[in-house]
Structures are given as C-alpha cells and as structure tokens.
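The values are calculated or read from the model by the stated rules, or taken from the named source; none is laboratory data. This is a predicted model, so every value here is computed, not measured. Heads up, the Cβs are rebuilt from the backbone with ideal geometry, glycines too, and the neighbour counts pull from every protein chain shown.
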Amino acid sequence: MKALVTVKETIDYQVKVNVKPDESGVITEGVQMSMNPFDAIALEACIQRQEQGQITHTTALNIGQNTSVLQQALAMGADQAVHIEQSCSDPFLKCLMIEAYVKEHTPDIIIMGKLGIDGDHSQIPSMLAGMLDWSCATFASDIRIKDNEIEVDRETDIGIQTVTLSKPCIISCDLRLNTPRFIALPKLLAAKKKPLTSFDPKIEQSSLITTEKVSTPIPKKGCTPTDNLDTFIDQLKSAGLLK
C-alpha cells in the first residue's frame with residue numbers, strides 16, 4: 001500500500017509570532033521554522049505502519065519555497081520527497097495541486113495533519129476528499145489497517161467515534177495519535193544528500209483569497225478575583241454577561 005503525506009513548514013510552535021509593522025502578515029525572517037506539528041504526527045503514523053509492514057512506500061509532499069521540511073521528512077523515514085514550488089496559502093488552490101499529483105501517481109491512502117498551526121483552516125482533508133471522491137476520516141486518534149479496510153477512531157465533541165473506510169481514502173490526524181520520533185543529527189545530515197522530486201501541477205487558476213490585514217488579538221481584560229458572591233454578580237453585570 002502506497003501512502004502520501006503532506007508536510008508544510010510553519011513557525012515553530014514554541015516561538016512567539018509577531019505581526020509585520022505594515023500588518024501584511026507575520027514576521028518569518030530570522031524566525032525558527034519547523035514542520036507543522038500535526039503533519040509530523042501524520043508522517044510518524046505512516047512510518048510506524050511502514051515498519052509494521054502495512055505500508056510499502058511513503059511519499060512526503062510539500063507545497064512551498066523551502067525544502068528543509070522535506071529533508072526532515074526523509075530523515076524521519078519517508079522513502080520519497082516531492083516538492084511543488086509554489087507560494088500559496090489558499091486551501092482551495094493547494095487542494096487542486098495535490099489532486100493533480102494524486103491523479104498522476106495514485107497513492108492508496110493520504111494521511112495529513114488535521115490543520116496547519118499558521119492558517120488554522122482545517123479545510124484541505126475534507127475538501128480534497130470531495131474533489132477525489134474518496135472516503136475521509138478527520139481528527140484521527142487511532143488508525144488500524146485491516147486488509148482492504150481501515151478503522152479510524154475519530155475525536156469528536158461527544159467522544160470517540162469509530163469509522164471504517166475503504167481504500168483509497170484520506171485521514172487527518174489529531175494530537176493524540178502519536179508522538180513524532182526524535183530526528184538524530186546524522187540522519188538529518190544524510191537526508192540533505194538525498195534527491196528531491198519536483199512536480200508541476202500546471203494549475204492556472206489564481207487564488208480566490210486576498211489577505212487584507214493581519215493584526216494581533218485584542219488583549220482580554222479579566223476581572224479581579226473575589227470571594228464575595230455579590231461582587232461577582234456585579235462584575236458579570238458590568239461585563240454585560242448577566243442582566
């Protein structure tokens with residue numbers, strides 16, 4: 001079974017994000033970048049199942065300008081790294097690019113992070129499944145491959161839901177699926193010498209999204225803690241939360 005994993009580069013989750021002075025975006029120059037945490041979980045899920053003999057080949061796919069995240073994927077254990085050199089933040093356009101690759105290379109399963117921590121869209125897995133007419137399970141906390149079927153435990157607001165998918169399918173991964181392995185420096189250095197494959201999706205459509213402004217959230221003003229019930233009620237009333 002061939003697997004495709006999408007990986008993207010984001011600002012490291014431990015780094016404080018700062019907005020550009022002109023509010024056109026966030027500052028990335030000189031900032032520590034790393035693989036999107038949910039994509040790392042998706043890649044780890046593939047590598048684990050490849051080690052168990054359930055997946056025969058893992059391809060990591062990245063859309064962007066920087067290839068360092070693909071080198072990380074190779075160091076983790078991916079067999080192949082594919083680069084689509086495009087500057088794109090539109091989820092719909094990204095789906096079109098991935099769709100073009102999938103139709104040409106026909107993987108059996110696509111495993112993705114549930115979202116990117118930069119855009120926080122969580123749109124691509126379901127949208128891509130609709131384009132390809134594939135079955136899809138989102139927010140996976142466990143994946144069990146059984147012959148021609150795949151069981152997925154989904155995290156929902158009311159608990160764990162178990163669904164069964166037929167191949168080909170798309171699965172998006174949640175935080176509790178696994179803990180990505182540590183990449184030793186020798187493996188990372190060796191991965192930098194491995195070749196990358198370029199892919200041109202030949203997409204002519206322009207982005208439907210325009211970023212007008214990026215700003216920091218308005219600071220929240222909290223109430224002073226109190227042990228007095230009447231004072232607490234007055235605080236709720238003054239905040240407009242109680243009439």
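So here's what we get for this one:
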{"read-out": "Among residues of region 177-208, those that are assigned to a loop (DSSP other than H, G, I, E, B) and surrounded by 11 or more Cβ atoms within 10 Å (Cβ to Cβ), counted", "value": "12"}
{"read-out": "Entirely in region 4-90, the strands (runs of 3 or more DSSP E) that have 1 or more residues that are surrounded by fewer than 16 Cβ atoms within 10 Å (Cβ to Cβ) and touching a Gly at 6+ places or on another chain (Cβ under 9 Å)", "value": "80-85"}
{"read-out": "Answer residue from region 91-130, given it is surrounded by fewer than 19 Cβ atoms within 10 Å (Cβ to Cβ) and small (Gly, Ala, Ser) and is farthest from Asn178 (Cα to Cα) among those", "value": "Ala100"}
{"read-out": "Cβ pairs under 8 Å, 6+ apart, first in region 203-224 and under 27 Å from Asn18 (Cα atoms), second among the acidic types (Asp, Glu)", "value": "Ser207/Asp90; Leu208/Asp90; Ile209/Asp90; Lys213/Glu23; Val214/Glu23; Ser215/Glu23"}
{"read-out": "Odd one out for Asp133 among (1) surrounded by fewer than 19 Cβ atoms within 10 Å (Cβ to Cβ); (2) at pLDDT below 95", "value": "(2)"}
{"read-out": "Residues that are surrounded by 11 or more Cβ atoms within 10 Å (Cβ to Cβ) and either at pLDDT 85 or above or of a type outside the set (A, V, I, L, M, F, W, C) (or both), drawn from region 212-236", "value": "Val214, Thr226, Thr231, Phe232, Ile233, Asp234, Gln235, Leu236"}
{"read-out": "Residue check, Ile160 in contact with a strand residue (DSSP E or B) (Cβ under 7 Å, 6 or more places away or on another chain), closer than 24 Å to Gly130 by Cβ and aliphatic (A, V, I, L, M)", "value": "no"}
